[in-house]
């Protein structure tokens, strides 16, 4: 169950238009917006507040006049029209439908721009994240986790980037599940084209696109770390599929630790740079090894029995040797024949048999892996 949360008290005299207008002041942070709305009665009152406040430091007192306030409100009204034209609604920190878990982080966004549908507060969301340049193995594992989470009724959260993020969103929508894409731009500025099309699929299947950036704002490098705190903040747990030693996935992992979220990492090949980050998270005991999606669901109380691994049956010693080899690493057919010292024709027959039985899977490039 989601822990109870206290909705911040907002002065009833503050309207969405004025909160949005306040956010348009250059340099205004979510913390400053929250303080202003909680402590003052209106936009005019906020501008006349004692000069020790953040707002007074952002604007010269001489500029606190009716013309500035009128201009800010006019810009805010234009933004509301843009949002309406793009079917985007604005949820503020003071609204009841603001995500409960996100509200409880240290620096929650004062406003969320949302296209699509946010699920009920009792819904469980799990983030699946990883490198933009994932391996075929990483893509396959991402799809398996997204499939299991979707079948369990979990909302899959990710960042709409290439690689692991995109694979998680695509698999979820393919299965008609619910997924949230948290982005680092205005919702009307999603790029490239394939990301925009995937965003449309997410909304069409009952999910949502979420941003703290208003319409017209294009993605900037500095926005992505801020976006990552929302990915972890809105989720009960975070699963890192593949990651190098640097990058956004490890930033999100650190946010997850700071926000006291359950953090999982999928162990990977020790010789692969794409698994260096996940393996080091496990080595440092910062993340729980994610050996299966069922394990994560069980840990979170979503699956109520310990997952049992089926023991496959083999029709020949050759099949058993092939399966054992592919349990350790992905291999091409020629590599597998050399490794096991098996005639290539005999190997291909056994590979085909194992694939028909669903014990192994062939990836692009004639690479084989265990299912």
Would you be able to say whether some residue in segment 289-296 is assigned by TED's automatic domain parsing to the domain that holds residue 130, outside any helix (DSSP H, G or I) and either in contact with a strand residue (DSSP E or B) (Cβ under 8 Å, 6 or more places away or on another chain) or surrounded by 20 or more Cβ atoms within 10 Å (Cβ to Cβ) (or both)? yes
Does residue 185 count as under 16 Å from the mean Cα position of the chain (by Cα), under 23 Å from residue 264 (Cα atoms), in contact (Cβ under 8 Å) with a residue 12 or more places away in the chain and part of a loop (DSSP other than H, G, I, E, B)? no
Taking residue 242 as the residue in question, decide whether it is closer than 23 Å to residue 122 by Cα and in contact with a helix residue (DSSP H, G or I) (Cβ under 9 Å, 6 or more places away or on another chain). no
Being in contact with a helix residue (DSSP H, G or I) (Cβ under 7 Å, 6 or more places away or on another chain) and either touching a residue at least 12 places away in the same chain (Cβ under 8 Å) or closer than 13 Å to residue 115 by Cα (or both) is true for just one of 195, 199, 167, 204. Which residue is that? 167
Tell me which residues, restricted to segment 330-358, are part of a loop (DSSP other than H, G, I, E, B) and surrounded by 15 or more Cβ atoms within 10 Å (Cβ to Cβ). 330, 342
Just to check your reading of the model, which residue among 141, 190, 128 is crowded, with 18+ Cβ neighbours inside 10 Å and without any contact (Cβ under 8 Å) to a residue 60 or more places away in the chain? 190
Test result for residue 361, surrounded by 15 or more Cβ atoms within 10 Å (Cβ to Cβ), modelled with pLDDT under 90 and closer than 20 Å to residue 147 by Cβ: yes
Scanning segment 125-160 for residues that are assigned to a loop (DSSP other than H, G, I, E, B) and in contact with a strand residue (DSSP E or B) (Cβ under 7 Å, 6 or more places away or on another chain), which turns out farthest from residue 209 (Cα to Cα)? 130
Checking the condition assigned to a helix (DSSP H, G or I) and in contact with a strand residue (DSSP E or B) (Cβ under 7 Å, 6 or more places away or on another chain), which residue from 195, 199 passes? 199
Subset tally (residues that are surrounded by fewer than 20 Cβ atoms within 10 Å (Cβ to Cβ), more than 13 Å from the chain's Cα centre (by Cα) and not in a loop (DSSP other than H, G, I, E, B)) for segment 224-281: 7
Restricting to segment 315-329, name every residue that is more than 25 Å from residue 291 (Cβ to Cβ) and assigned to a helix (DSSP H, G or I). 317, 318
Which one of these does residue 57 not meet: (1) in a helix (DSSP H, G or I); (2) in contact with a helix residue (DSSP H, G or I) (Cβ under 8 Å, 6 or more places away or on another chain); (3) modelled with pLDDT under 75? (2)
Go through the residues of segment 304-320 one by one and say whether even a single one is farther than 23 Å from residue 134 by Cβ, outside the structural domain of residue 237 (by TED's automatic domain parsing) and in contact with a strand residue (DSSP E or B) (Cβ under 8 Å, 6 or more places away or on another chain). no
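The values are calculated or read from the model by the stated rules, or taken from the named source; none is laboratory data. This is a predicted model, so every value here is computed, not measured. Cβ atoms come from the backbone with ideal geometry, glycine included; neighbour counts cover every protein chain shown.
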